[in-house]
Amino acid sequence: MLSINNLHARIDEKKILKGINLEIKPGEVHAIMGPNGSGKSTLASVLAGREDYEVTQGTVEFAGKDLLELSPEERAGEGLFLAFQYPVEIPGLSTTNFIKTAVNEVRKYRGEEALDAVAFLKLMKEKMAMVNIDQSLLSRSLNEGFSGGEKKRNEVFQMAMLQPKLAILDETDSGLDIDAIRIVANGVNKLRNKDNAVLVVTHYQRLLDYIVPDFVHVLYNGRIVKSGPKELALELEERGYDFIKNEFKVEA
Amino acid sequence: MNNELSAIEKTVLSDYKYGFVTEIEADEAPPGLNEDIVRFISAKKNEPEWMLEWRLKAYNHWLKMEEPNWANVKYEKVNYQEIKYYSAPKQKKKVNSLDEIDPELRKTFEKLGISLDEQKRLSGVAIDAVIDSVSIGTTFKEQLAELGIIFCSISEAIQEHPELVKKYIGSVVPITDNYFSALNSAVFSDGSFCYIPKGVRCPMELSTYFRINAEGTGQFERTLLIADEGSYVSYLEGCTAPIRDENQLHAAVVELIAMQDAEIKYSTVQNWYPGDKDGKGGIYNFVTKRGICQGAHAKISWTQVETGSSITWKYPSVILKGDYSQGEFYSVAVTNNHQQADTGTKMMHLGKNTRSRIVSKGISAGVSNNSYRGLVHVGKNAANARNFSQCDSLLLGDKCGAHTFPYIEVKNNTAVVEHEATTSKIGEDQIFYCNQRGIDTETAVALIINGFAKEVMNQLPMEFAVEAQKLLAISLEGSVG
Ligand SMILES: Nc1ncnc2c1ncn2[C@@H]1O[C@H](COP(=O)(O)OP(=O)(O)OP(=O)(O)O)[C@@H](O)[C@H]1O
Ligand SMILES: [Mg+2]
């Protein structure tokens, strides 16, 4: 579904991604871990189409299309979703209204009829239960004054509403309390099926107890330097990143 | 849940949507201004002697005045001798019902989306339409008359209710008030008149629709609205003008009078032609709007959505004379391309325990300039006066300007005056966030600005709020991304 080949990206003159290779198939869950500043969010942004980053080399294929040729909104239409590490606030714009717009724009892209108010409400009720989000939050301005955890929960709620093919969760667990992690992870698990995939960026093994990955990758200094089964996450938790840093010092 | 977005989608058109000219024969005065023109207008309208004298007094005063140039706007001076001061669409005979109106003229209204019949049947909004200088027809007249409400053109009011007009015209905005109000007083050709009797709640929105049609004409309407004790009225004014190369002048005067316990809500959605991308053409909108809370517990509330005109110079104001009276000003002003807006309000606290609230939202894009200029005056007898002002500016791009000029004069030390101001930019982060959810940049901008302006939009009557949201989106088309 997603195939990243030798991807290089930079911002201004600073090279951040230095040759990423990654293959994700339908039904899989991949986790990316790695020290602060290694390029995890950059990879997520480049995949989502943020223009600040310049792709200097490499290809990305998504659902049979050349992803890098598409605008950010087209990528969303194709079923790519990014749960942001730092969701933005838009004062005065109701969260519900924002999500309704998003759902209908994506439907329009796919040539589907817009949902009317009744159908939209029904979908919303169903997904609200799934990720356990409060109605009152959704009538407030988008993310304005939301607590860190509320923002993250709102991201997962949007994911539930948009039903993407590939969801990238960038540190969706950070800022969540222990119960919230479980609820959010359960929500993500309920959304999983054989046709969609999830890419989880996290620093903590704990999330991976709930969203069990098929593969774990370590991103360091703009490259995936190690990949392995879910046990790799445990090893990292135990040993830290030093052994990896030492191993790759020469190349850095 | 509302459907504002689908409405925006439908109407995001890049050109000024209302730019068409109606081919109607006009009955005009030659260009230029002198005493004879003033007499001509008055005679055309078959006015009583006192009205003509009032006009002439205004004209002679105007001659002695100088055009103001203190507003934060720059423009080529208007040549007052090149303007036509009277242009009436020619009609074969006096119309008795709406059905007799010139079909061309009716088509104009249909294009504007205000088919009088439709309005009459569907929306329950009573409309007085002013095209160029003359009032065309007032819907719902009989129904309103049953409640004792008078809603008609000001020309008609001068004929039918001279005692009311004579008593109130110029009582809030005296002819000597300013350059443009003096000019208006001399040459106003029509406008709307409304009187709500004691204790009556007007059951529908009253509305005036202004349109400048003929070439080289100025439009000088005069609106007079009186809410007698304990009454309530909500009034909406909408405007359009066709695209012309030369600038056209619009200098209206609106006077509101709220007696004891009365409430007036006055909303404006202004989208006169703003000029093209290079700043050519467009309407000069120099308007004097003022209301007086004459009695205790009276309330006047101005709400405006200003998206049009190449230059807007306008300060809807409230004189808070009655004790416990309240004044409100809610404004969204959008400027794009070369537009300039200098707008704001004056709240004059004279009575005790008077309150005022100012919420101004300025949105600037392109190379435009948007200024808020507000005065809060607390007189020496205005014990316990309260004012709260909030002025927010939103910038799209970095070539536009936003300026805030709050003036505060307090002569009573029990007064509390608060002012808050913010300036922000639409962030790329915000737009990218929307993009990532499948929302294109144009729509994202519309969502963000409507969010920014929400507090003001919420003040508008429902059906006009939807219209106003579309307007915001249209006027900022293409300014980001
Ligand atoms: N807009 C930018 N301008 C300059 N440098 C940037 C920019 N965005 C990212 N970088 C740099 O690129 C590197 C990678 O950043 P990125 O946010 O991708 O890291 P990360 O792996 O997500 O880290 P964290 O675990 O802290 O979230 C960092 O050194 C960061 O400072
Ligand atoms: Mg990150």
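The values are calculated or read from the model by the stated rules, or taken from the named source; none is laboratory data. Remember, it's a predicted structure, so these values are computed and weren't measured experimentally. Cβ placement follows ideal geometry from the backbone for every residue including glycine, while neighbour counts extend to all protein chains displayed. Remember, those area values only see protein heavy atoms, side chains included, never the ligands or the DNA or RNA. Shrake-Rupley method; radii C 1.70, N 1.55, O 1.52, S 1.80 Å.
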Going by the conditions given, is A:ILE183 hydrophobic (A, V, I, L, M, F, W, C) and away from ligand 1 (no atom under 16 Å from the Cβ)?
yes
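Of these, A:TYR204, A:TYR210, A:TYR220, A:TYR241, which one is more than 19 Å from A:LEU169 (Cα to Cα), surrounded by 13 or more Cβ atoms within 10 Å (Cβ to Cβ) and either at pLDDT 90 or above or within 16 Å of ligand 2 (Cβ to nearest atom) (or both)? Before the answer, list the steps.
Values: A:TYR204 fails: more than 19 Å from A:LEU169 (Cα to Cα); A:TYR210 fails: more than 19 Å from A:LEU169 (Cα to Cα); A:TYR220 fails: more than 19 Å from A:LEU169 (Cα to Cα).
Sole residue among the options that is more than 19 Å from A:LEU169 (Cα to Cα), surrounded by 13 or more Cβ atoms within 10 Å (Cβ to Cβ) and either at pLDDT 90 or above or within 16 Å of ligand 2 (Cβ to nearest atom) (or both): A:TYR241.
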Report the residue count in the range B:442-470 for those that are farther than 21 Å from B:LEU206 by Cα, out of contact with any Pro (no Cβ under 9 Å at 6 or more places or on another chain) and either of a type outside the set (A, V, I, L, M, F, W, C) or at pLDDT below 85 (or both).
5
Failed item, numbered, when A:ILE168 is tested on (1) more than 16 Å from ligand 1 (Cβ to nearest atom); (2) within 14 Å of chain B (Cβ to nearest Cβ):
(1)
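Quick grid of which residues meet (1) within 14 Å of chain B (Cβ to nearest Cβ); (2) within 15 Å of the chain's Cα centre (by Cα):
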residue: A:SER3; (1), (2): no, no
residue: A:ILE11; (1), (2): yes, no
residue: A:GLY34; (1), (2): no, no
residue: A:ALA48; (1), (2): yes, yes
residue: A:THR56; (1), (2): no, no
residue: A:ALA63; (1), (2): no, no
Tell me, please, whether a residue that is touching a residue at least 40 places away in the same chain (Cβ under 8 Å), buried (at least 19 other Cβ atoms within 10 Å of the Cβ), within 17 Å of B:ARG437 (Cβ to Cβ) and within 16 Å of ligand 2 (Cβ to nearest atom) can be found in the range A:49-61.
no
Among the helices (runs of 4 or more DSSP H) confined wholly to the range B:398-481, which include 1 or more residues that are β-branched (Val, Ile, Thr), in contact with a Lys or Arg (Cβ under 6 Å, 6 or more places away or on another chain) and within 14 Å of chain A (Cβ to nearest Cβ)?
B:454-457
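Kindly indicate whether any position in the range A:112-135 is of a type in the set (A, V, I, L, M, F, W, C), part of a strand (DSSP E or B) and within 10 Å of chain B (Cβ to nearest Cβ). Before the answer, list the steps.
Quick first cut of the range A:112-135, residues of a type in the set (A, V, I, L, M, F, W, C) only: A:114-115, A:117-121, A:123-124, A:128-131, A:133.
With part of a strand (DSSP E or B) added as a condition, the list becomes none.
Looking for residues that are of a type in the set (A, V, I, L, M, F, W, C), part of a strand (DSSP E or B) and within 10 Å of chain B (Cβ to nearest Cβ), one finds none in the range A:112-135, hence no.
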Of all residues in the range A:13-29, which are within 16 Å of ligand 2 (Cβ to nearest atom) and either open to solvent by 10 Å² or more (accessible area, probe 1.4 Å) or within 16 Å of A:GLU171 (Cβ to Cβ) (or both)?
A:LYS14, A:ILE16
Just one of the numbered conditions (1) assigned to a loop (DSSP other than H, G, I, E, B); (2) closer than 29 Å to B:GLU263 by Cβ is not true of B:ALA341; which one?
(1)
So, in the range A:69-108, how many residues would count as being farther than 21 Å from A:LEU199 by Cα, aliphatic (A, V, I, L, M) and more than 7 Å from every other protein chain (Cβ to nearest Cβ)?
2
Give the residues of the range B:239-271 that are touching a strand residue (DSSP E or B) at 6+ places or on another chain (Cβ under 7 Å) and modelled with pLDDT under 75, sorted by residue number.
B:CYS239, B:THR240, B:ALA241, B:ASN247, B:GLN248, B:GLN270, B:ASN271
Which residue out of A:ARG153, A:ARG192 is within 30 Å of A:GLU238 (Cα to Cα) and without any contact (Cβ under 8 Å) to a residue 40 or more places away in the chain?
A:ARG153
Subset tally (residues that are assigned to a helix (DSSP H, G or I) and either of a type in the set (A, V, I, L, M, F, W, C) or open to solvent by less than 40 Å² (accessible area, probe 1.4 Å) (or both)) for the range A:91-111
12
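This table checks each residue for (1) open to solvent by 10 Å² or more (accessible area, probe 1.4 Å); (2) under 19 Å from B:HIS250 (Cβ atoms); (3) part of a loop (DSSP other than H, G, I, E, B); (4) among the charged types (D, E, K, R).
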{"position": "B:ALA157", "(1), (2), (3), (4)": "no, no, no, no"}
{"position": "B:LYS167", "(1), (2), (3), (4)": "yes, no, no, yes"}
{"position": "B:GLY170", "(1), (2), (3), (4)": "yes, no, yes, no"}
{"position": "B:ASP177", "(1), (2), (3), (4)": "yes, yes, yes, yes"}
{"position": "B:ALA186", "(1), (2), (3), (4)": "no, yes, no, no"}
Flag for B:SER231 being under 24 Å from B:SER267 (Cβ atoms), at pLDDT below 85 and in contact with a Gly (Cβ under 8 Å, 6 or more places away or on another chain):
no
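In this structure, is A:LEU7 away from chain B (no Cβ under 14 Å) and within 16 Å of ligand 2 (Cβ to nearest atom)?
no
Table: residues versus (1) away from ligand 1 (no atom under 16 Å from the Cβ); (2) open to solvent by less than 40 Å² (accessible area, probe 1.4 Å); (3) at pLDDT 90 or above; (4) among the basic types (Lys, Arg).
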{"position": "A:LEU123", "(1), (2), (3), (4)": "yes, yes, yes, no"}
{"position": "A:LEU142", "(1), (2), (3), (4)": "yes, yes, yes, no"}
{"position": "A:VAL156", "(1), (2), (3), (4)": "yes, yes, yes, no"}
{"position": "A:GLN163", "(1), (2), (3), (4)": "yes, no, yes, no"}
{"position": "A:SER174", "(1), (2), (3), (4)": "no, yes, no, no"}
{"position": "A:LYS194", "(1), (2), (3), (4)": "yes, no, yes, yes"}
Counting only residues that are under 20 Å from B:GLY438 (Cβ atoms), give me the strands (runs of 3 or more DSSP E) lying completely in the range A:152-252 with at least 3 of them.
A:166-170, A:197-201
Single unsatisfied condition, A:GLU73 versus (1) within 16 Å of ligand 2 (Cβ to nearest atom); (2) open to solvent by 40 Å² or more (accessible area, probe 1.4 Å):
(1)
If you scan the range B:406-426, which residues turn out to be more than 19 Å from B:PHE329 (Cβ to Cβ) and open to solvent by less than 60 Å² (accessible area, probe 1.4 Å)?
B:ASN412, B:THR414, B:SER424, B:ILE426
